[in-house]
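As structure tokens, the structure follows; a few thoughts come after it.
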């Protein structure tokens, strides 16, 4: 039993070391210069450990985004207002977009790598699917007459890494958040359609 616990602790430690190494290399060198070999060396593990855990570089980048998005996901599901389920949908939408703007601004290199890694199948990435489902649900609850799926994709498209980098360079996460939240508010306040 203690050997199994030690193995699990080792696996957790290795995962953290691998993700930290990948994030550090991304920030320093960009997606093109991050390989499983370099990540393994920087993390102090074998390349096979990285490969078995993440499959390839794209899997590693997806896991990095999932880790960064985990706290936000927990707050949405069971946290207090304004992110949590006790707040009205419009308030929750603004809070979620604000939190997403902060996450994107703090992790722009990782976001850029994720955009590249998932370029061909971005809309099916598990993190994107969860975010889209949440945004779509909130828009649908607030405004059942709107095409919530379309507006969900539209709002999330504003978190493209190149756009995030450009907007935050001029005004930081606050500028990105204010602009995205203003657009979401305009969508929710648009003239009503007949259902």
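The values are calculated or read from the model by the stated rules, or taken from the named source; none is laboratory data. Remember, it's a predicted structure, so these values are computed and weren't measured experimentally. Neighbour counts are summed over all protein chains in view; Cβ atoms, including those assigned to glycine, are modelled from backbone coordinates with ideal geometry.
Conditions tested, residue by residue: (1) in a helix (DSSP H, G or I); (2) in the same structural domain as residue 23 (by TED's automatic domain parsing); (3) more than 21 Å from residue 166 (Cα to Cα).
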| position | (1), (2), (3) |
| --- | --- |
| 64 | yes, no, yes |
| 67 | yes, no, yes |
| 72 | yes, no, yes |
| 111 | yes, no, no |
| 119 | no, no, no |
| 129 | yes, no, yes |
| 135 | yes, no, yes |
| 139 | yes, no, yes |
| 150 | yes, no, yes |
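For the stretch 48-66, which residues satisfy the criterion of being farther than 13 Å from residue 22 by Cα and without any contact (Cβ under 8 Å) to a residue 12 or more places away in the chain? 48, 52, 55, listed by residue number.
Scanning the stretch 43-59 for residues that are surrounded by fewer than 17 Cβ atoms within 10 Å (Cβ to Cβ) and in a helix (DSSP H, G or I) turns up 47, 48, 51, 52, 53, 59.
Conditions (1) surrounded by 12 or more Cβ atoms within 10 Å (Cβ to Cβ); (2) touching a residue at least 40 places away in the same chain (Cβ under 8 Å); (3) under 14 Å from the mean Cα position of the chain (by Cα); (4) more than 30 Å from residue 186 (Cα to Cα), marked per residue:
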| position | (1), (2), (3), (4) |
| --- | --- |
| 19 | yes, yes, no, yes |
| 27 | yes, yes, no, yes |
| 68 | yes, yes, yes, no |
| 81 | yes, no, no, no |
| 94 | yes, yes, no, no |
| 115 | yes, yes, yes, no |
